[in-house]
Amino acid sequence: MTMSNLEQTLSIIKPDAVERNLENEIKEMFKTNGFKILKEKKIQIEKSEAEKFYKVHETKPFYNDLCDYLSSGPIVVMVLEKENSVLGNRELMGATNPKDAEEGTIRKKYGISIDKNSVHGSDSVENAKIEIDFFFKD
Ligand code: CMP
């Protein structure tokens, strides 16, 4: 028996990718892979908002640079929907470090470094809800 498990996840096209005009190519990759883009907006956030968004990483040595970076230029935030989309999006993005990402993944194709890795995606169903609310609750 197959159970349906339609999920939503949050995706961010990061400043390095927006700056290189990769927004449409990356969105096409999502659509080609069966994701529906339910909501999207292009915004630039304050560092204080980036700090809130990445709060789970606040004790990490890379936290400050990460928050500077996410607030350094325009980003595109999207709600993606598909069966098992949280895991599916992580697979499509590839490993956090583009050097380790598999062929055919977004980070392999477009990522520049572990910081400038072009996309963010929620890492669990629970965090997806929190992250979607963070950007789209109004
Ligand atoms: P992201 O999926 O947006 O979540 C946190 C980000 O921190 C991650 O992508 C990377 O871009 C960045 N980062 C920088 N250094 C590291 C590291 N050593 N381990 C994990 N993430 C890192």
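Annotations
- The condition of being within 21 Å of Phe136 (Cα to Cα) and either open to solvent by 20 Å² or more (accessible area, probe 1.4 Å) or within 9 Å of the ligand (Cβ to nearest atom) (or both) holds for only one of Glu103, Glu91, Glu58, Glu46, that being Glu46.
- Taking the listed residues Lys31, Lys14, Lys52, the one that is within 15 Å of the ligand (Cβ to nearest atom), open to solvent by 20 Å² or more (accessible area, probe 1.4 Å), under 22 Å from Ile132 (Cβ atoms) and out of contact with any Pro (no Cβ under 7 Å at 6 or more places or on another chain) is Lys52, with no other qualifying.
- Positions within the range 105-127 being closer than 20 Å to Met29 by Cα and part of a helix (DSSP H, G or I), in sequence order: Ile106, Arg107, Lys108, Lys109, Tyr110
- Test for Lys39: is it touching a residue at least 60 places away in the same chain (Cβ under 8 Å) and within 16 Å of the ligand (Cβ to nearest atom): no
- Matching residues, the range 110-128, being in contact (Cβ under 8 Å) with a residue 12 or more places away in the chain and more than 11 Å from the ligand (Cβ to nearest atom): Tyr110, Ser124, Val125, Ala128
- If you go through the range 65-77 and keep only what is surrounded by 14 or more Cβ atoms within 10 Å (Cβ to Cβ) and within 14 Å of the ligand (Cβ to nearest atom), you end up with Leu66, Cys67, Tyr69, Leu70, Ser71, Ser72, Ile75, Val76, Val77.
- Leu22 vs. criteria of a type in the set (A, V, I, L, M) and open to solvent by less than 40 Å² (accessible area, probe 1.4 Å): yes
The values are calculated or read from the model by the stated rules, or taken from the named source; none is laboratory data. Computed from a prediction, not measured in an experiment: that's the story for all the values here. Because the Cβ atoms are built from the backbone with ideal geometry, glycine has one as well, and the counts that use them run over all protein chains shown. Calculation scope for accessible area: heavy atoms of the full protein, side chains included, ligands and nucleic acids excluded. Shrake-Rupley method; radii C 1.70, N 1.55, O 1.52, S 1.80 Å.
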